[in-house]
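The values are calculated or read from the model by the stated rules, or taken from the named source; none is laboratory data. Computed from a predicted model, the values in this text were never measured in an experiment. Virtual Cβ from ideal backbone geometry, glycine too; neighbours counted across all protein chains shown. The accessibility values were calculated without ligands, DNA or RNA, using every heavy atom of the protein model including side chains. Shrake-Rupley method; radii C 1.70, N 1.55, O 1.52, S 1.80 Å.
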Amino acid sequence: MRRFLLLAMAAGLSACATSPKQATGPVDNAPLSLIPMPAQVQRTPGHFQIAAGTKIMVAPGDAQARRVAGQLQGWIRQARGLTLDIVEGKPGSGGIALATEAAVKGREAYTLDVGNGGVRIAANDETGLFYGAVTYWQLLTDPNARNGVPGVHIVDAPRFEWRGLMLDSSRHFQSVSEIEHLLDQMAMHKLNTFHWHLTDDQGWRLQIEKYPKLTDVGACRKAVGPDVALTGGPDEPYCGFYTQEQAKQIVAYAAERHITVVPEIEMPGHAQAAVASYPKFGAGGKKLAVSSDWGVNTALYNVDDGTFTFLQDVLDEVMAIFPSTYIHVGGDEAAKDEWERSKTVQAKMKSLGIDDEEKMQGWFIARIGDYLDKHGRRLIGWDEILDGKVPPSATVMSWRGTEGAIKAANAGHDVVLAPSPTLYLDRLQSTLPDEPAGRPSEQTLKTIYDFDPVPPAVAADKAKHVLGAEVTLFTEYLPNWYRIQHATFPRMAALAERTWSPRADWNGFVARLPVQMARYRSAGIVPSDGAFAVAIADEASMDGKAKVTLSNQTGYGTLRYTTDGSAPTPQSTAYAGPFEVPLPTTVRANAFDGQFGLAGPRDRTIDAKSLLHRTSDELDMCGDKLVLRLESPHAVDGQRPVYKVDIMDTCWMWKGVKLDGRYGIAVTVDRLPYNYALWKDVKGIVSRKARTAAGELEVHQDTCDGPKLTTIPLAKAKDGRATLDGILPKREGTHDLCFVITGKPGPKLWVLGDVQLR
């Protein structure tokens, strides 16, 4: 059972309930582990415990309630091993009743009552009933429900109508079953919009019957870096697309869970896969390959009538697959180089009286918007569409911070907030050394929870234009389902609560999260535990000892540790502050909530050697141009190393090194593919004069322009991972060490893995 599988032991539940509990005692004040937290919750006396004979009841002829009853029946069977009968008739005592009632006001709203006599869920439509059933399922899978779900009265409705998640299937491809698994979890978080990014420079992923080359050509690119492990070899292309039947299957699957699928077909930029398939629709006038470079590629669509006929034909097939009101047309990062050079485009601009390429994009988007309007659909695009004139009906998705949303809402456009970096899940969520590859700007669980979808600068009378918010999963560094899970969970829960619940309660959210983490694991999800995991820091102390500091991101739980190599338990020493350990010592630590371990234990072996060792993660970058954590295509002991590097300035700093005498130095380096399209930012790449073709690693004292302590030729490493040795001249005192790689990155990139002094 892949979906919603809730093992009783994992969730701390009793699976052997045999009879309803008719308790009449005082109100149980144990916290309810609900995410998102409902708008109004009132605890009431009593409990209700389901049994084999418990019925799910719906009114005769209530088809909407009957469908939700079937879904709830399946969840209960998977959670408790009980298959409850669904019966029609007047609700009686001791059952679970679902009813559609006009008296429940509000879109997606519901009421939920639990007491000694049973459970009652009411809503004015099927979606509200579904969300009421989700809330009851959460109550049922709370460890506090071992002896029955406690009495409660809930009146609930969402704060925002757009509660979304964007998945990029262009850079890396996901299977239908993986997307369905993601939709399952969206539904159980009450998220209702799946924004599906289907086309980009790196791949066209949707079958278009009138233009088969879009997938024959556009769905394949050269495998690069770690992708080689996915394709089976360096000469095998990276390919994948969804047939129209598969896309319809996903749309139907989402609809059963009250999720709308909004497709994104990028234009006028991010068009290289399409132009590679049909060059005549491109503005550059040359043959292109599907891009394997991340970043801003410069391929643009042409602006002639033939190109618009092509785009309209594509949209016709898209609209036949996706019934959503909104069609996303991208509009972001459209580099205008090709339009500036194109005589055809310049002539078209002149005929239209347009003197600026940004305004030309506005004309382009407006023409597409008019076409969608005529077909009863609405255009939505990234905030660059504001740079030109856009249709009044256009909705703006703000990604360049919140400025686009503010401008659009105050101008009367509906807006959806998806700002970078805050809601970008390709940004890493912790600084733990076991984080995977990605962009290390550390968008933590709290960063996302603290985000309010209504920017203060939106005028009070314009706040109604804020439809909601979504998190985005751009997949350059999320090549597989495991990585997507790690990036998404539990941060999805933070976005879900902030777009549903009317009030923020960070402390309450964190306290409710451990139960949610158990639900993830029971559903076959592998979430990140970075919010609770213990970070172990050390520094040299006196008399051959080291000082150890423990912390975790949320500050939740009791940190406990051992120094004898054993696994920490709820009975291990509680951390009260920095402590000293003799050398060598292995420190292992975890965070506990009572008897429950909140994360996987982390460990660190501390000895004289480790105190003189730093990984690239532990070094500072010399600047902050474009810092990434990149994965090597080559495995070491079965694992591919990950390196932190500024791809525009290959320079690292080890600050505060206590040097006393003469040191040897061993530096691990590796060489990675340099597959980045930086457009105008390429001018910012730092180039340092190299003495040889392979380049050198230089170590400087105090600053990167300071005295050169040693030079290590990179030719010794040939073209892959290697450890290179050097000697530092005698030095005294504390100094910073700067490590720079000479030359200029591209087509490959030298990176520093770790540094060992000895």
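Each row is one residue, and each column tells you yes or no for (1) among the polar types (S, T, N, Q); (2) open to solvent by 50 Å² or more (accessible area, probe 1.4 Å).
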{"residue": "G565", "(1), (2)": "no, no"}
{"residue": "V581", "(1), (2)": "no, no"}
{"residue": "R588", "(1), (2)": "no, yes"}
{"residue": "Q595", "(1), (2)": "yes, yes"}
{"residue": "P601", "(1), (2)": "no, yes"}
{"residue": "I606", "(1), (2)": "no, no"}
{"residue": "M621", "(1), (2)": "no, no"}
{"residue": "D637", "(1), (2)": "no, yes"}
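If we keep just the residues of segment 507-526 that are of a type in the set (G, A, S) and not in a helix (DSSP H, G or I), which is farthest from I484 (Cα to Cα)?
A523
Only residues that are part of a loop (DSSP other than H, G, I, E, B), surrounded by 16 or more Cβ atoms within 10 Å (Cβ to Cβ) and of a type outside the set (S, T, Y): list them for segment 527-543, please.
P527, D529, G530, A531, F532, A533 - these are the residues of segment 527-543 that are part of a loop (DSSP other than H, G, I, E, B), surrounded by 16 or more Cβ atoms within 10 Å (Cβ to Cβ) and of a type outside the set (S, T, Y).
Residues checked against (1) at pLDDT 90 or above; (2) among the charged types (D, E, K, R):
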residue	(1), (2)
G594	yes, no
P601	yes, no
R604	yes, yes
K609	yes, yes
R614	yes, yes
L619	yes, no
L628	yes, no
P633	no, no
P641	yes, no
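What pairs come up if the first residue lies in segment 581-593 and is of a type in the set (S, T, Y), the second is at pLDDT below 95, and their beta carbons are under 6 Å apart, counting only those six or more places apart or on different chains?
That search, which allows pairs on different chains as well, returns T586/G565.
Can you pull out every residue in segment 431-462 that is among the hydroxyl-bearing types (S, T, Y) and open to solvent by 10 Å² or more (accessible area, probe 1.4 Å)?
Scanning segment 431-462 gives T431, S441, T444, T447.
What's the number of the only condition in (1) buried (at least 18 other Cβ atoms within 10 Å of the Cβ); (2) farther than 22 Å from S441 by Cβ that V645 fails to meet?
Failed condition: (2).
Show the residue pairs meeting these rules: Cβ distance below 9 Å; 6+ apart or different chains; first residue within segment 133-149 and at positive phi and of a type in the set (D, E, K, R); second residue assigned to a helix (DSSP H, G or I) and open to solvent by less than 10 Å² (accessible area, probe 1.4 Å).
none
Residues of segment 331-347 being buried (at least 19 other Cβ atoms within 10 Å of the Cβ), out of contact with any Gly (no Cβ under 6 Å at 6 or more places or on another chain) and not in a loop (DSSP other than H, G, I, E, B), which ones?
Scanning segment 331-347 gives W339, V345.
Scan segment 34-43 for residues that are part of a loop (DSSP other than H, G, I, E, B) and either open to solvent by 30 Å² or more (accessible area, probe 1.4 Å) or modelled with pLDDT under 95 (or both) and jot them down.
M37, the sole residue that qualifies.
Only one of (1) in contact with a Lys or Arg (Cβ under 9 Å, 6 or more places away or on another chain); (2) outside any helix (DSSP H, G or I) fails for Q78. Which number is that?
Going through (1) in contact with a Lys or Arg (Cβ under 9 Å, 6 or more places away or on another chain); (2) outside any helix (DSSP H, G or I) one by one, Q78 breaks only (2).
Let's see how each residue does on (1) modelled with pLDDT under 95; (2) loosely packed, with under 14 Cβ neighbours inside 10 Å; (3) under 17 Å from V645 (Cα atoms):
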site	(1), (2), (3)
A694	yes, no, no
Q701	no, no, no
I712	no, no, no
T723	no, yes, no
R731	yes, no, no
C738	no, no, yes
I741	no, no, yes
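With the checklist (1) part of a helix (DSSP H, G or I); (2) of a type in the set (A, V, I, L, M); (3) surrounded by fewer than 21 Cβ atoms within 10 Å (Cβ to Cβ) in hand, flag the one item V155 doesn't pass.
Among (1) part of a helix (DSSP H, G or I); (2) of a type in the set (A, V, I, L, M); (3) surrounded by fewer than 21 Cβ atoms within 10 Å (Cβ to Cβ), the lone unmet condition for V155 is (1).
I'd like the residue in segment 305-330 that is touching a Phe, Trp or Tyr at 6+ places or on another chain (Cβ under 9 Å) and more than 26 Å from F194 (Cα to Cα) and, out of all such residues, is surrounded by the fewest Cβ atoms within 10 Å (Cβ to Cβ).
It comes out as G306.
If we scan segment 249-259, do we find a residue that is in a helix (DSSP H, G or I), open to solvent by less than 50 Å² (accessible area, probe 1.4 Å), in contact with a strand residue (DSSP E or B) (Cβ under 8 Å, 6 or more places away or on another chain) and without any contact (Cβ under 8 Å) to a residue 60 or more places away in the chain?
no
So is D670 within 25 Å of the chain's Cα centre (by Cα), closer than 24 Å to K716 by Cα and open to solvent by less than 40 Å² (accessible area, probe 1.4 Å) or not? Spell out the reasoning first.
Details: within 25 Å of the chain's Cα centre (by Cα): no; closer than 24 Å to K716 by Cα: yes; open to solvent by less than 40 Å² (accessible area, probe 1.4 Å): yes.
Criteria not met by D670.
Do we have any residue at all in segment 437-453 that's part of a strand (DSSP E or B) and under 30 Å from D227 (Cβ atoms)?
yes
Being more than 24 Å from T44 (Cα to Cα) and either modelled with pLDDT under 95 or small (G, A, S) (or both) narrows it down to one residue among E126, E161, E88; which is it?
E88 is the lone residue from the list that is more than 24 Å from T44 (Cα to Cα) and either modelled with pLDDT under 95 or small (G, A, S) (or both).
Would you tally the residues in segment 401-430 being buried (at least 17 other Cβ atoms within 10 Å of the Cβ) and touching a His at 6+ places or on another chain (Cβ under 8 Å)? Write out each step before concluding.
From segment 401-430, those buried (at least 17 other Cβ atoms within 10 Å of the Cβ) are 402, 404-409, 413-420, 422-430; that's our starting set.
Still in the running and touching a His at 6+ places or on another chain (Cβ under 8 Å): 408-409, 413-415.
Residues meeting the conditions: 5.
Residues to consider are G46, G61, G106; find the one that is open to solvent by 40 Å² or more (accessible area, probe 1.4 Å) and not in a helix (DSSP H, G or I).
Working: G46 fails: open to solvent by 40 Å² or more (accessible area, probe 1.4 Å); G106 fails: open to solvent by 40 Å² or more (accessible area, probe 1.4 Å).
None of the others qualify; the one that does is G61.
Taking P234 and the conditions (1) in a strand (DSSP E or B); (2) touching a helix residue (DSSP H, G or I) at 6+ places or on another chain (Cβ under 6 Å), which numbered condition does it fall short on, given that it satisfies the others?
Here P234 meets the rest and fails (1).
With the requirement that a residue be of a type outside the set (A, V, I, L, M) and assigned to a strand (DSSP E or B), what does segment 348-389 give you? Please lay out each step first, then the result.
In the first step, residues of segment 348-389 are kept if they are of a type outside the set (A, V, I, L, M); the result is 348, 350-351, 353, 355-359, 361-364, 367, 369-371, 373-378, 381-384, 387-389.
Scanning segment 348-389 gives R378, G381, W382.
May I ask you to say which residue of T111, T83, T127, T141 is hydroxyl-bearing (S, T, Y) and open to solvent by less than 10 Å² (accessible area, probe 1.4 Å)?
Result: T141 is the single residue among T111, T83, T127, T141 that is hydroxyl-bearing (S, T, Y) and open to solvent by less than 10 Å² (accessible area, probe 1.4 Å).
May I ask you to list pairs of residues, at least six apart or on different chains, whose Cβ atoms are under 6 Å apart, with the first in segment 269-284 being under 8 Å from D201 (Cβ atoms) and the second being open to solvent by 10 Å² or more (accessible area, probe 1.4 Å)?
Pairs that qualify, where the first residue is under 8 Å from D201 (Cβ atoms) and the partner is open to solvent by 10 Å² or more (accessible area, probe 1.4 Å), are Q272/L288; Q272/N297; A273/V290.
Looking at segment 545-563, which of its residues are touching a residue at least 60 places away in the same chain (Cβ under 8 Å) and either assigned to a loop (DSSP other than H, G, I, E, B) or open to solvent by 50 Å² or more (accessible area, probe 1.4 Å) (or both)?
Q553, T554
Please work out which residue is most open to solvent (accessible area, probe 1.4 Å), limiting yourself to segment 674-692 and to residues that are among the hydroxyl-bearing types (S, T, Y) and either in a strand (DSSP E or B) or within 30 Å of H270 (Cα to Cα) (or both).
Of all residues in segment 674-692, those among the hydroxyl-bearing types (S, T, Y) come to 674, 676, 687, 692.
Retained after the next criterion (residues that are either in a strand (DSSP E or B) or within 30 Å of H270 (Cα to Cα) (or both)): 674, 676, 687.
Details: Y674: 34, Y676: 31, S687: 76 Å².
Of everything passing the filter in segment 674-692, S687 is most open to solvent (accessible area, probe 1.4 Å).
Identify all residues within segment 680-710 that are in contact with a helix residue (DSSP H, G or I) (Cβ under 8 Å, 6 or more places away or on another chain) and at positive phi; write none if there are none.
G695
Residues in segment 226-248 that are hydrophobic (A, V, I, L, M, F, W, C), in contact with a strand residue (DSSP E or B) (Cβ under 8 Å, 6 or more places away or on another chain) and open to solvent by 30 Å² or more (accessible area, probe 1.4 Å): how many?
3
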